[in-house]
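Just below is one structure, and these are the notes that go with it.
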Amino acid sequence: MDNDLRDLFAFLAVVRAGGFREGARSSGVSASRLSESVRRLEAHLGVRLLHRTTRHVAPTEAGQRLAERLSPALGEVRSALDVVNHYRDRPAGTLRLNVPTAAARLVLPAIVTPFLEAYPEIRLEVIVEDSFVDVLAAGCDAGIRYDERLEKDMIAVPIGPRVQRMATAASPAYLEAHGRPRHPRDLLQHACLRGQFASGAIPAWEFERKGEIVRVDPSGPLLVRLGAAVDLKIAAALDGLGIIHLFEAWLQPHLDSGALVPLLKPWWQPFSGPYLYYPGRRHLPAPLRAFVDFVRAGGKAKQELRKPR
């Protein structure tokens, strides 16, 4: 029975991740063990569940039908097993978070270390993904996103700084060669370093001052996918290639050092900080409950986990 459950969990991890290597990263089990589990499950059922090539793994029709039925069923199994966690002195298990790059860079560093020190029996897995995903379908317990991108029927808990700003800056060398913009519309005459969402959309740069909102769509020599490639955009700004528009906290070290010079600061637009969100209509696993309580308490762990009567 134990092997059967492990094989089912392994199969679902591979389907959700779209491959053995990706499934290994999300599940904490080696790719070879996942492959062995899936082969054993196929042999037991007498049907092929996955199409395998050197570059791609996809479920067969039988595999797809099985995965659709398994996902909610194994979720209930996890919830049932997690009930035992309430009888522990401290919660244990794995917590999987799906977060955008900005949250991984600007929000989690101040939270992860004290949380894991307070709950040493919890293993935290952070999946960085800038496109909005269904956290449950992605095999995660919760996510972090900004409020305009939250799904309905989700519980949202404020996490990290509650007010953030977008900052605009350039290197001294760039400003010496090209001059300083005095108004957001002046950016249309400058080389600007742009970002692009995974969908292909290129967000306009938005500024606000005394209730006046100005949106501009400048051009420039560099366009990068928002997320992991943002560091490339920062490096280009430091090298004097153009003007950058990014989270203030992300640019702050370079602003403090003088490597970047703030531009149009009275126009920097504030916006609400991110939220930790999770489905409201399901049992909360003990690691997630501990994390939610930790965040709500401002980074302080409860003295003890309350046991049910």
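Worth pointing out:
- Selection from the range 215-237 of residues that are in a helix (DSSP H, G or I) and touching a residue at least 24 places away in the same chain (Cβ under 8 Å): V230, K233, A236, A237
- So G240, is it over 30 Å from S71 (Cβ atoms), open to solvent by less than 60 Å² (accessible area, probe 1.4 Å), in a loop (DSSP other than H, G, I, E, B) and among the small types (G, A, S): yes
- In the condition set (1) buried (at least 21 other Cβ atoms within 10 Å of the Cβ); (2) part of a helix (DSSP H, G or I), Q252 is compliant with all but (1).
- Some residue of the range 180-193 being open to solvent by 50 Å² or more (accessible area, probe 1.4 Å), part of a loop (DSSP other than H, G, I, E, B) and within 22 Å of R145 (Cβ to Cβ): no
- If the condition is being at pLDDT 55 or above and open to solvent by 40 Å² or more (accessible area, probe 1.4 Å), then the range 285-309 contributes R289, R296, A297, G298, K300, K302.
- Taken over the range 23-67, the criterion of being closer than 25 Å to T94 by Cα and either in a strand (DSSP E or B) or at pLDDT below 80 (or both) is satisfied by G23, A24, R25, S26, S27, G28, V29, S30, A31.
- Out of R165, R105, sole residue that is open to solvent by 50 Å² or more (accessible area, probe 1.4 Å), within 24 Å of R194 (Cα to Cα), modelled with pLDDT of 85 or more and within 14 Å of the chain's Cα centre (by Cα): R105
- Given (1) in contact with a Phe, Trp or Tyr (Cβ under 8 Å, 6 or more places away or on another chain); (2) closer than 26 Å to S272 by Cα; (3) at pLDDT below 90, index of the condition L74 fails: (2)
- Sole exception among (1) open to solvent by less than 30 Å² (accessible area, probe 1.4 Å); (2) farther than 23 Å from H183 by Cα for A228, by number: (1)
- Residue in the range 201-214 that is open to solvent by 40 Å² or more (accessible area, probe 1.4 Å), out of contact with any strand residue (DSSP E or B) (no Cβ under 8 Å at 6 or more places or on another chain) and in contact (Cβ under 8 Å) with a residue 40 or more places away in the chain present: yes
- Of residues in the range 7-19 being open to solvent by 30 Å² or more (accessible area, probe 1.4 Å) and part of a helix (DSSP H, G or I), the one nearest to R39 (Cα to Cα): L8
- The set of residues from the range 151-161 being more than 21 Å from L255 (Cα to Cα) and either open to solvent by 50 Å² or more (accessible area, probe 1.4 Å) or without any contact (Cβ under 8 Å) to a residue 60 or more places away in the chain (or both) comprises E151, K152, D153, I155, P158.
- In the range 168-179, the residues that are open to solvent by 20 Å² or more (accessible area, probe 1.4 Å) and either touching a residue at least 12 places away in the same chain (Cβ under 8 Å) or under 25 Å from G143 (Cα atoms) (or both): P172, A173, L175, A177, H178
- All conditions in (1) at pLDDT 90 or above; (2) part of a strand (DSSP E or B); (3) of a type in the set (V, I, T) hold for T113, with the sole exception of (2).
The values are calculated or read from the model by the stated rules, or taken from the named source; none is laboratory data. Here the structure is a predicted model, which means the values were calculated and not measured. A quick note on method: Cβ atoms are made from the backbone with ideal geometry, for glycine too, and the neighbour counts reach across all protein chains shown. The area values use the complete protein model at the heavy-atom level, side chains included, leaving out ligands, DNA and RNA. Shrake-Rupley method; radii C 1.70, N 1.55, O 1.52, S 1.80 Å.
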